[in-house]
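The values are calculated or read from the model by the stated rules, or taken from the named source; none is laboratory data. This structure is a prediction, so every number in the text was calculated from the model and none was measured. Note that each Cβ is placed from the backbone with ideal geometry, even for glycine, and that neighbours are counted across all protein chains shown.
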Amino acid sequence: MLTSPELALIYKGIIELFNKGKAMDYTLLEHEMRALDHELYAEMNGLNYVGDGLLSVVDDVHVTTYADLIVEEYQRNSLRLLAMELSGKCGSRDIPVEQILQLANSKLEEIAGMGVNSTSTRQISEIGQEVVARHTRLLENGGTSVGYSTGLKGMDDIMGGFMRGEVAIASALTSHGKTALSLFMAVQIALKGVPVYIISLEMSMEQLYGRILMSMSTVSPENLRMHGLTETEIAVAKGLNETTLKRLPLFIDYIASARPEDIRAKVKLARKRKQCDFLILDYINQLDTGHAQGENLATSLGHAMKRIKDLAVEENIPALVLAQMNREIEKRNDNYKHKLSDLRDSGVLEQAADVVFFINRPELQGNGKGDDGESLVGIGNINILKNRNGATGTTKFRYNNHMTRISDY
């Protein structure tokens, strides 16, 4: 129901090609348009009518968003026409009100259903077959967890790894290891052949590469960041680049001032290129949510989190989202016992997540020794406070001076 006859002709041509099972080709589309209405085709000069618009679309990354906009406009036009039709019928005393109401309900249901994707509906046994097949592959390969392993046994024992269709939030105070731990997990997952896609909203791609390089070699952090690599370290970096890192399905993208729709488009494209079976977003508080007037940041971030959750379910991939903590925990006298409300801009944020865990390093809080006298230097805690489909609990990990090497406790 396009109001422009020219655009309507283009649309009809596309539908004709689709119904005939033909390719969506520029020349074939013009042929169909000529056959449908030769006079209008000549008047609008074929597809040159939308030439400028076609040239402005450089790829199909946003095609789903464009389609949603077309459906929305179609629904608006349908509602306008329905309003005029109902207005005319209401002016006639010969038509019973009940009949008009039935017509209104029927038409409204039809219009509301225009944007619904019916292909998402599946029969229960079909879903069951996929689940059984996945468990069969796990059994045959000698696996011990349905999810992707975090690389830390204690964490896997509690939450079973990262599950498809689920979103986990990792939160910590500044410099307590959010990015370091997420990169460790990214490498562990990628080493098993799983494509990992990291979207950074803060650190540059070169900085992330540097962290991964230091985690896999003896390259000095000071040399990499300040003094320059030695000849030996350059040889080590070259060797890693040409061997392990070259084979590693680990992909990094930096996006400045990213919006939720940008994240969605990037992930869709990465999925198309087989670069994303596991998503890491570093970090959500840097998203440009464009919150509406009167809407607070916590609510808008929660809505963004819900869109990431929808994306994870839609693409059937796990997602790890990093988030900042507020500093209220530093004012409490509870030895840094985390609460879900410790998430900065919390509220809808943790509600949309399937898993929420906090990272802390006691030595940075002035706790050099535990209650039993054990040294806490180089020991970090992971507190899993929410796990929608599993257990919660606390586990530990070890790290080196620069937080470049992480291992089981």
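Scanning the range 148-155 turns up one or more residues that are assigned to a helix (DSSP H, G or I), modelled with pLDDT of 90 or more and crowded, with 19+ Cβ neighbours inside 10 Å. Taking the range 201-233 as the range and being part of a helix (DSSP H, G or I) and more than 26 Å from ILE280 (Cβ to Cβ) as the test, the residues that pass are GLU222, ASN223, MET226, HIS227, GLU231, THR232, GLU233. Hey, any hits in the range 287-301 for a residue that's among the aliphatic types (A, V, I, L, M) and free of Cβ contacts under 8 Å to residues at least 24 places away in the same chain? Scanning the range 287-301 turns up at least one residue that is among the aliphatic types (A, V, I, L, M) and free of Cβ contacts under 8 Å to residues at least 24 places away in the same chain. Please verify whether the range 250-265 includes one or more residues that are closer than 30 Å to ARG134 by Cβ, assigned to a loop (DSSP other than H, G, I, E, B), touching a residue at least 12 places away in the same chain (Cβ under 8 Å) and more than 13 Å from the chain's Cα centre (by Cα). Checked the range 250-265: no residue is closer than 30 Å to ARG134 by Cβ, assigned to a loop (DSSP other than H, G, I, E, B), touching a residue at least 12 places away in the same chain (Cβ under 8 Å) and more than 13 Å from the chain's Cα centre (by Cα). Residues that are at pLDDT 80 or above and within 34 Å of the chain's Cα centre (by Cα) number at least 2 in the following helices (runs of 4 or more DSSP H) confined to the range 1-51: 5-19.
Can you confirm whether ALA298 is under 22 Å from ALA323 (Cβ atoms), within 15 Å of the chain's Cα centre (by Cα) and assigned to a helix (DSSP H, G or I)?
In short, no.
Taking the conditions (1) in a helix (DSSP H, G or I); (2) at pLDDT 75 or above in turn, ILE95 satisfies each one other than (1). The residues of the range 17-36 that are of a type in the set (Asp, Glu) and surrounded by fewer than 17 Cβ atoms within 10 Å (Cβ to Cβ), listed by number, are ASP25, GLU30. Annotation: of all residues in the range 156-167 being over 15 Å from ASP408 (Cβ atoms) and surrounded by fewer than 24 Cβ atoms within 10 Å (Cβ to Cβ), the one that is farthest from the chain's Cα centre (by Cα) is GLY160.
Each row is one residue, and each column tells you yes or no for (1) small (Gly, Ala, Ser); (2) at pLDDT 80 or above; (3) surrounded by 20 or more Cβ atoms within 10 Å (Cβ to Cβ).
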site	(1), (2), (3)
ASP262	no, yes, no
LYS274	no, yes, no
LEU279	no, yes, yes
HIS291	no, no, no
GLU295	no, no, no
ALA298	yes, no, no
MET305	no, yes, yes
ILE308	no, yes, yes
ALA312	yes, yes, yes
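Residues of the range 360-376 being free of Cβ contacts under 8 Å to residues at least 60 places away in the same chain and surrounded by 13 or more Cβ atoms within 10 Å (Cβ to Cβ), which ones? If you could, list the steps in order and put the result at the bottom.
Taking the range 360-376 as the starting set, the residues that turn out to be free of Cβ contacts under 8 Å to residues at least 60 places away in the same chain are 362-363, 365-376.
Answer for the range 360-376, where residues must be free of Cβ contacts under 8 Å to residues at least 60 places away in the same chain and surrounded by 13 or more Cβ atoms within 10 Å (Cβ to Cβ): PRO362, GLU363, GLN365, ASN367, LEU376.
Out of curiosity, is SER87 over 33 Å from the mean Cα position of the chain (by Cα) and modelled with pLDDT of 85 or more? So SER87 passes the test.
Scanning the range 314-348 for residues that are part of a loop (DSSP other than H, G, I, E, B), at pLDDT below 75 and surrounded by 15 or more Cβ atoms within 10 Å (Cβ to Cβ) gives TYR336, ARG344, ASP345, SER346, GLY347. Name every residue in the range 203-257 that is over 30 Å from ASP288 (Cβ atoms), among the acidic types (Asp, Glu) and surrounded by 16 or more Cβ atoms within 10 Å (Cβ to Cβ), in order of residue number. Within the range 203-257, just GLU233 meets the criteria.
Return yes or no: is THR179 surrounded by 12 or more Cβ atoms within 10 Å (Cβ to Cβ), in contact with a strand residue (DSSP E or B) (Cβ under 8 Å, 6 or more places away or on another chain), touching a residue at least 24 places away in the same chain (Cβ under 8 Å) and not in a strand (DSSP E or B)? If you could, list the steps in order and put the result at the bottom.
Details: surrounded by 12 or more Cβ atoms within 10 Å (Cβ to Cβ): yes; in contact with a strand residue (DSSP E or B) (Cβ under 8 Å, 6 or more places away or on another chain): yes; touching a residue at least 24 places away in the same chain (Cβ under 8 Å): yes; not in a strand (DSSP E or B): yes.
Criteria met by THR179.
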